[in-house]
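Taking it in order: structure first as structure tokens, then the write-up.
The values are calculated or read from the model by the stated rules, or taken from the named source; none is laboratory data. The shown structure was predicted, so the numbers you read here are calculated from the model rather than taken from an experiment. Every residue, glycine among them, receives a Cβ derived from its backbone with ideal geometry; neighbour counts consider all protein chains shown. When the accessible area is computed, the model is the full protein with side chains, heavy atoms only, and any ligands, DNA or RNA have been set aside. Shrake-Rupley method; radii C 1.70, N 1.55, O 1.52, S 1.80 Å.
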Amino acid sequence: MGHIKIVSLLAAILLLGSCNQSATKKTNAVTRSTHSLNNDWMVRMNDTSEWLKVNIPHTPVIEPLVVNDQWQGYLSYKKIISVDDPSKIYQIEFEGVMHEASVYLNDQFLTKHQGGYLPFVVDITDQLVFDKDNTLLVVVNNEDNATIPPGKSLSGLDFNFYGGIYRAVNLKKLDKVHITNPIEAKVPAGGGTLIHFDEVSEKAAKGFLQVHIANKNEAAKNVSIKAELKAKSGQVLTFNSEPSSIAPNSHQTITLDLTIQNPALWSTENAHLYELSTSLMVENQIVQTEVEKIGVRSIELTQKEFFLNGEKQYFRGTNRHQEYPYVGYAISKNANRRDAIKIKQAGFDFVRLSHYPQDVSFLEACDELGILVMNAIPGWQYYSDDPEFLKNSYQDIRDMVRRDRNHPSVVFWEVSLNESPMTDAYMVEANKILKEELPFEDTYSAGWIDHDAFDLYIPARQHGRAPDYWIKYRTDNRPLFIAEYGDWEYYAHNAGFNQAAYEGLKEEERTSRQLRAHGEKRLLQQALNFQEAANSNRKGPNTIGDANWLMFDYNRGYANDLEASGISDIFRIPKFAYYFYQSQRPPFDTLNLENAIGPMVKIATNWTEDSPANITVYSNCEEVGLYLNGKLIERKLATRNSYNDQLDFPTFQFDLKKFQKGELKAIGYINDQQMAQDLVATPGSANKIMLEVDLSNTPISTTEDDLVFVYAKIVDANGNLIPDSDALVTFTTNGGELIGTNPVKSEAGIATILLKTSPLNKKKYTITSKTADLVSNTLNF
């Protein structure tokens, strides 16, 4: 984690102005200004416990799987810092602390920050003692606070906000003349580096690069910018600005015009990223180089449609909460990336961040994978006119935009307190702040209330409280995006927002809240709910897309069970609904590298005596043939009905009349050619354990603590999963730390535990699992 990218921005490219452009293979050595402070902290709770050694990200306690009494209180974090160059400027960047932090250095108070989801920066230069140990102390409080968004207490909140220093901490060592941090600079539409393109086509991209520089010296300095843009092909374009003078103890913004010939455009199918190195030169010497990945693209929102690079786009989207079981928010950057990969592999090209800004590493993964993002400020069913709450909420907008403004993936800004009774004054001011920070025509706001301040109307499907939701939602003033669907309308029959009053209304055959342990009949109903709602969403006028509720199961602050409407469970194991969404991708949609879906077919059954005889098959192929024990049952086209008449790829239904033990095989055909197949066999008796570790195309981190899921599958002698097994599995490890209840009770045949890895471990990890009566298994990786 030693190389944190400081500037993470939108578009793509570099500096021009009075710039000379040339193609070259030469690159400059990077002058690192950011260093990880994640390791070797000490922590204690409520100033009463002993100091314990921990690394960042850190959570106060390992919570149970179902969290309805989350730990709250004070934490004290302590770390020793040593620096040796008094000619430099030193800053500490906290990427996320939940949710109130007081910072001290050598017993001197420096600052107090309120807000748990966005970074803050502390200048520690004047308090440092050089060539000696310095003690950094951070006192953290995560107790309910009505003035810090989301504001609502955990007893009534639909998600947990956990605690601690749960995101990375970085030390910035800067020359006295340096490129500023946009959070620290506090300059609307400025600070750090800002890139924007006003004109984008396959022939050329035209825009500007803006660099904000601070001079902390007592004398004027000559400065210039050198930037290198490296394409995937390896070609490097170099841009140089003319030197200019920056006055002592002042700030200066250098703005340069940009023109990129024949740019490789960023899209959901081809997420082309350039590597941009921006170097600050002082008196012709490089003093600072920042490296980031950027993409060139254009977006346009009309009253009825959305265009990406001039092509109309209908969003296939989902929602994501950032929590993991047991450790809450304290997950690694690689773990965030794995979640993004799972979203892409499920068939989605859009994700709404519900209901707060998430780790920058998740956005970087969305940039890399081609996932469009709706970024959101913290908020859920709570509003207050308290001046402190308003101040903090408005600051959330500025900090979110300053941190994330240059990510090509971010296309909408939800400057709206979700499902909250915002005043007209709040909505107007929130949008005014957004446009101050991003004063461009393609800056689009989103709000759950149909108000003229917002560019995009984003109600949840259940807000209409009627099957024909589009009649209620129809507006001629702005386009519509269904921000949530598939859960609440089936859970409470559109009963409204007062969830606590309907906790007992779980109709087993209707609700979308289905754990994997609930069995295939109920999981098939969940998938049908999502299918029905997704199909209905497409009937509405002005609708540019939708996002289901949601990708992963999660914990709620007020509830004594998991919110189980995810298409994957809290351990990231897919349910049947996951494969419905996969089947909605075109079979030859390239998606992105190893995450492409391609032609697919999935039999949605466990094929046991308890299985329905009416078999559902999800596929994006033209035809599917279903075989039982080698005999063709039927080969057919998908049949359209009221549940799927708007879908690109309806599901296939086969009526086998009755159960017959054996093997089901589905083959998908396109142009009469076999393109995909799936097998499901009736399981025999439990025989052994199969171990798997979920890396999701992302190796274990060698620079920070990492988290990976380890799955122990209870299978028969032929490797078929035993879907009703609840066997108790004991895990052991050689290397790393196991997190979670151990032994673990299997859910639908799979027992899951978290493995926490360490960059100090240079050997392979060994995981062993065993039960009382099955063959144990060992996995090395």
Flag if SER201 is under 20 Å from ASP69 (Cβ atoms) and surrounded by fewer than 20 Cβ atoms within 10 Å (Cβ to Cβ): no
Complete set of residues in segment 715-734 that are open to solvent by less than 20 Å² (accessible area, probe 1.4 Å) and closer than 19 Å to LEU755 by Cβ: VAL729, PHE731
Lone unmet requirement of (1) hydrophobic (A, V, I, L, M, F, W, C); (2) buried (at least 16 other Cβ atoms within 10 Å of the Cβ); (3) under 19 Å from ASN780 (Cβ atoms) for MET675: (3)
Residue match in segment 703-710 (condition: crowded, with 17+ Cβ neighbours inside 10 Å and more than 30 Å from HIS35 (Cα to Cα)): yes
Search result, residues across segment 747-780 that are open to solvent by 50 Å² or more (accessible area, probe 1.4 Å) and under 26 Å from the mean Cα position of the chain (by Cα): LYS756
Lone unmet requirement of (1) surrounded by fewer than 19 Cβ atoms within 10 Å (Cβ to Cβ); (2) over 17 Å from GLY151 (Cβ atoms) for VAL401: (1)
Answer residue from segment 435-451, given it is assigned to a helix (DSSP H, G or I) and acidic (Asp, Glu) and is least open to solvent (accessible area, probe 1.4 Å) among those: GLU437
Top-ranked residue of segment 70-110 - restricted to ones that are polar (S, T, N, Q) and over 30 Å from ASP561 (Cα atoms), ranked as farthest from the chain's Cα centre (by Cα): SER87
Candidates PRO149, PRO188, PRO182, filtered to the one that is open to solvent by 10 Å² or more (accessible area, probe 1.4 Å), touching a Leu at 6+ places or on another chain (Cβ under 9 Å) and within 29 Å of GLU292 (Cβ to Cβ): PRO182
Residue satisfying all of: in segment 678-699; outside any loop (DSSP other than H, G, I, E, B), closer than 29 Å to ALA340 by Cβ and in contact with a Lys or Arg (Cβ under 6 Å, 6 or more places away or on another chain); most open to solvent (accessible area, probe 1.4 Å) among these: MET690
Matching residues in segment 274-290 - criterion: being part of a strand (DSSP E or B) and of a type in the set (D, E, K, R): GLU275, GLU290
Pick from segment 123-135, criterion in contact (Cβ under 8 Å) with a residue 40 or more places away in the chain and not in a loop (DSSP other than H, G, I, E, B), ranking: surrounded by the fewest Cβ atoms within 10 Å (Cβ to Cβ): THR135
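Residues checked against (1) in a loop (DSSP other than H, G, I, E, B); (2) closer than 30 Å to TYR383 by Cα; (3) at pLDDT 95 or above; (4) touching a strand residue (DSSP E or B) at 6+ places or on another chain (Cβ under 7 Å):
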position: ASP69; (1), (2), (3), (4): yes, yes, no, no
position: ALA101; (1), (2), (3), (4): no, yes, yes, yes
position: VAL121; (1), (2), (3), (4): no, yes, yes, yes
position: LEU137; (1), (2), (3), (4): no, no, yes, yes
position: ASP144; (1), (2), (3), (4): yes, yes, yes, no
position: PRO150; (1), (2), (3), (4): yes, yes, yes, yes
Close pairs (7 angstrom Cβ cut-off, 6 or more residues apart or separate chains): closer than 20 Å to GLY625 by Cβ and crowded, with 19+ Cβ neighbours inside 10 Å in segment 592-603, of a type in the set (Phe, Trp, Tyr) and at pLDDT 90 or above anywhere: LYS602/TYR579; LYS602/TYR618
Cross-chain or 6+ apart pairs with Cβ under 6 Å, segment 706-720 first and under 23 Å from ASN334 (Cβ atoms), then polar (S, T, N, Q): ASP706/SER332; ASP706/ASN334; ASP706/THR757; LEU707/SER332; PHE709/THR752; TYR711/THR752; ALA712/SER769
Evaluation of ARG572 against (1) touching a residue at least 40 places away in the same chain (Cβ under 8 Å); (2) farther than 27 Å from GLN677 by Cα; (3) charged (D, E, K, R) (one fails), failing number: (2)
Residues within segment 291-319 that are in a strand (DSSP E or B), charged (D, E, K, R) and either open to solvent by 10 Å² or more (accessible area, probe 1.4 Å) or out of contact with any strand residue (DSSP E or B) (no Cβ under 7 Å at 6 or more places or on another chain) (or both), tallied: 5
Residue that is at pLDDT 95 or above, acidic (Asp, Glu) and in contact with a strand residue (DSSP E or B) (Cβ under 7 Å, 6 or more places away or on another chain), where the choices are ASP339, ASP359, ASP396: ASP339
Some residue of segment 564-575 being in a strand (DSSP E or B), surrounded by 20 or more Cβ atoms within 10 Å (Cβ to Cβ) and either of a type in the set (Phe, Trp, Tyr) or touching a strand residue (DSSP E or B) at 6+ places or on another chain (Cβ under 7 Å) (or both): yes
Residues being more than 20 Å from the chain's Cα centre (by Cα) and of a type in the set (A, V, I, L, M, F, W, C) - total across segment 291-339: 7
Residue within segment 416-434 that is in contact with a His (Cβ under 6 Å, 6 or more places away or on another chain), modelled with pLDDT of 95 or more, buried (at least 24 other Cβ atoms within 10 Å of the Cβ) and at negative phi present: yes
Residue in segment 508-528 that is modelled with the lowest pLDDT, counting only those that are open to solvent by 60 Å² or more (accessible area, probe 1.4 Å) and assigned to a loop (DSSP other than H, G, I, E, B): GLU509
Members of segment 389-398 found to be open to solvent by 10 Å² or more (accessible area, probe 1.4 Å) and either polar (S, T, N, Q) or more than 21 Å from GLY156 (Cβ to Cβ) (or both), listed by number: LYS391, ASN392, TYR394, GLN395, ARG398
Conditions (1) open to solvent by 30 Å² or more (accessible area, probe 1.4 Å); (2) in contact (Cβ under 8 Å) with a residue 60 or more places away in the chain: number failed by GLU275: (2)
Tally of residues being assigned to a strand (DSSP E or B), of a type in the set (S, T, N, Q) and under 34 Å from the mean Cα position of the chain (by Cα) across segment 611-627: 2
First in segment 680-703 and in contact (Cβ under 8 Å) with a residue 60 or more places away in the chain and under 23 Å from PHE576 (Cα atoms), second anywhere and among the small types (Gly, Ala, Ser) and crowded, with 19+ Cβ neighbours inside 10 Å, Cβ under 6 Å, 6 or more apart: ALA686/SER725; ILE689/ALA712; ILE689/SER769; LEU691/ALA712; LEU691/SER769
Subset of segment 213-234 (residues that are under 19 Å from THR289 (Cα atoms) and open to solvent by 10 Å² or more (accessible area, probe 1.4 Å)): LYS216, LYS221, ASN222, SER224, LYS226, GLU228, LYS230, ALA231
